[in-house]
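**Student:** Okay, handing you the structure first.
Quick note: the coordinates plus some simple rules give every number you see, no bench work behind them. Since the model is a prediction, treat every value here as computed from it, not as a measurement. Backbone-built Cβ (ideal geometry, glycine too); neighbour counts: all protein chains shown.
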There are 2 protein chains.
Amino acid sequence: MTAPTLEFWYEFASTYSYPAAMRVEDVARDLGVRVEWRPFLLGPLFLEQQGLHDSPFNVVKEKGDYMWRDLQRVCEEQGLPLEKPSQFPRNSLLPARLALVGAEQGWIAAFSRAVYEAEFAHDQDISDPAVLRPLLARAGADPEAALEAAGSEPVKARLKAHVEDAKARGLFGAPSFLTSDGELFWGNDRLEQAVQWAARSALTDA
Amino acid sequence: MTAPTLEFWYEFASTYSYPAAMRVEDVARDLGVRVEWRPFLLGPLFLEQQGLHDSPFNVVKEKGDYMWRDLQRVCEEQGLPLEKPSQFPRNSLLPARLALVGAEQGWIAAFSRAVYEAEFAHDQDISDPAVLRPLLARAGADPEAALEAAGSEPVKARLKAHVEDAKARGLFGAPSFLTSDGELFWGNDRLEQAVQWAARSALTDA
């Protein structure tokens, strides 16, 4: 029996993806579930589905005010540092492409966590190669080779395909979780439930 | 020391207010917290804050599809029956006014739960006095007197004041919870946390 898998769909500009990314591997490991990291971009979905050119948290002030306070509570509970980014949302295109390179080379999880820390704990600009280089090195990648690969056509095409796949499978926000039997869970609050679902449905298949 | 209180802000047309309304008293009682039921209307907030003339779950199809599936999972976990209403959202003006009458007469909680059951377990039209009369009677009210009071100017004005109060205090959705120290929690998923916050802040005050 192969290990059950859970697709973890995340966007580097998404606030609630931060606490989810920091613990998804731990929660999944406890239940024997393998995590497939799926970076994507929310911008095209927000535009197509909601006609939005900005984060809903900027468009609706009340939602944004609440989200920052709630995120603070969530991070405190999880023991995560949080510094509200001086720019929100950050441009997440380059780190998303880099993560796809990391998916092939085995450092996607470590790199993704490092990007979230840089963004939400240290208020760094995650679209800046100078910020990303040390994060790549720390994750075990060759920074220059990874940056070059991230600019290649196959990687660009793969990210576009991820976005199309997200749309086709009903995603509208991040983080989201998809099980192998097609169950969708949205939000950091659903992480545990999604992992349990993945573990349980694998037992039923066996 | 008086019991700590938690304001429970709910909208009868709101789907996630249903599982929240059905258990808020039980969760609060376990921690010695008193619940103040605050019916309000989301329509004016959606219009003013988001420019929406309909539920966001109808405006954004992907969100709506997900919500109905997620609500089903939530209700299953809580052991609550769910039948997707044939009309969504229902007009909630009359039950909201009736609930305010019930707040004065001590039957608001029982009546509110009965309305949610009628709407989400039995697909009944909660704007219809013929549907509401037996619910009122079951909650211990005099149905005709309550319906007459619900149409009075003071009750209408009180509901408007609730909506204004909700706006002024940063609400943008339902269910929402407000503690006496001004902490806002949004969503059925935050019910337990809100009750814990209310219980804890009362201890700190004491």
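**Student:** Can you compute the FRET efficiency between residue A:130 and residue B:183 using 1/(1 + (r/R0)^6), with r the Cβ-Cβ distance and R0 = 41 Å? Round to the nearest 0.05.
**Tutor:** 0.55
**Student:** Shape verdict for segment A:80-169, please, from the Cα gyration tensor: rounded (a/c under 1.5), prolate (a/b greater than b/c) or oblate.
**Tutor:** It is oblate, given that a/c is not under 1.5 and a/b is not larger than b/c.
**Student:** Let me ask you something else. Describe numerically, in nm with one decimal, the distance between label points set 7 Å from Cα along Cα→Cβ at residue B:196 and at residue B:34.
**Tutor:** Result: 2.5 nm between the two label points.
**Student:** Would you mind computing, in nm to one decimal, how far apart the modelled labels at residue A:157 and residue B:204 are, each placed 7 Å from Cα along Cα→Cβ?
**Tutor:** Placing both labels 7 Å along Cα→Cβ, they lie 5.6 nm apart.
**Student:** Could you run the Karplus curve 6.51 cos²θ - 1.76 cosθ + 1.60 with θ = phi - 60° over segment B:27-39 and give me ³J(HN,Hα) per residue in whole Hz, x for Gly and Pro?
**Tutor:** Once θ is set to phi - 60°, the couplings for segment B:27-39 become 5, 5, 4, 4, 10, x, 9, 9, 9, 9, 7, 10, x Hz.
**Student:** If each label sits 7 angstrom from Cα along the C-beta direction, how far apart, in nm, is residue A:30 from its counterparts in the other copies?
**Tutor:** Those label-point separations list as 1.8 nm.
**Student:** Continuing with the same structure: Compute and list, largest first, the equivalent-ellipsoid semi-axes of segment B:1-76 from the alpha carbon gyration tensor, each √(5λ) rounded to a whole angstrom.
**Tutor:** Working through the eigenvalues yields semi-axes of 28, 18, 7 Å.
**Student:** Next up: Which pairs break 18 Å Cα to Cα here: A:156/B:63; A:63/B:63; A:61/B:167; A:61/B:156?
**Tutor:** Over 18 Å apart, Cα to Cα: A:156/B:63; A:61/B:156.
**Student:** Something else about it: Give the chain A residue with the shortest beta-carbon distance to the rotation axis relating chain A to chain B, plus that distance as a whole number of Å.
**Tutor:** Closest to the rotation axis on chain A: A:189, 2.
**Student:** Right, something else. Please report, for residue A:73, the nm distances (one decimal) from its label point, 7 Å out from Cα along the beta-carbon direction, to the equivalent points in the remaining copies, shortest first.
**Tutor:** Copy-to-copy label distances for residue A:73: 2.2 nm.
**Student:** Separate question: Two decimals, Cα atoms only, Kirkwood Rh: what is Rg/Rh over chain B?
**Tutor:** Reported Rg/Rh (Cα atoms, Kirkwood Rh): 0.95.
**Student:** How far, in nm to one decimal, is residue B:61 from itself in the other copies if the label point is set 7 angstrom along Cα toward Cβ? Shortest first, please.
**Tutor:** 3.4
**Student:** Report the label-to-label distance for residue A:169 and residue A:58 in nanometres (one decimal), using points 7 Å from each Cα along the Cα→Cβ vector.
**Tutor:** So the two model labels end up 2.8 nm from each other.
**Student:** How shielded is B:58-64 by partner chains, expressed as the average number of their Cβ atoms within 10 Å of its Cβ atoms?
**Tutor:** 5
**Student:** Same structure, new question: If the viscosity is 0.692 mPa s and the temperature 37 °C, what translational diffusion coefficient in µm²/s does Stokes-Einstein give for the protein assembly as shown when Rh comes from Kirkwood over Cα pairs?
**Tutor:** D = 142 µm²/s.
**Student:** Once phi is turned into ³J(HN,Hα) by the Karplus curve 6.51 cos²θ - 1.76 cosθ + 1.60 with θ = phi - 60°, what whole-Hz value does each residue of segment A:46-57 show in order, with x for glycine and proline?
**Tutor:** Karplus values, whole Hz, x for Gly and Pro: 4, 5, 5, 8, 10, x, 9, 9, 8, 4, x, 6.
**Student:** What shape does segment B:84-126 take by its C-alpha gyration tensor, where a ≥ b ≥ c are the square roots of the eigenvalues and a/c under 1.5 counts as rounded, a/b above b/c as prolate, and the rest as oblate?
**Tutor:** oblate
**Student:** Output wanted: per-residue J couplings in Hz (rounded whole) for segment B:183-194, from phi through Karplus 6.51 cos²θ - 1.76 cosθ + 1.60, θ = phi - 60°, x for Gly and Pro.
**Tutor:** 7, 9, 10, 10, x, 3, 5, 9, 4, 4, 5, 5
**Student:** Which of rounded, prolate or oblate describes segment B:34-90 when judged by the alpha-carbon gyration tensor and an a/c cut-off of 1.5?
**Tutor:** oblate
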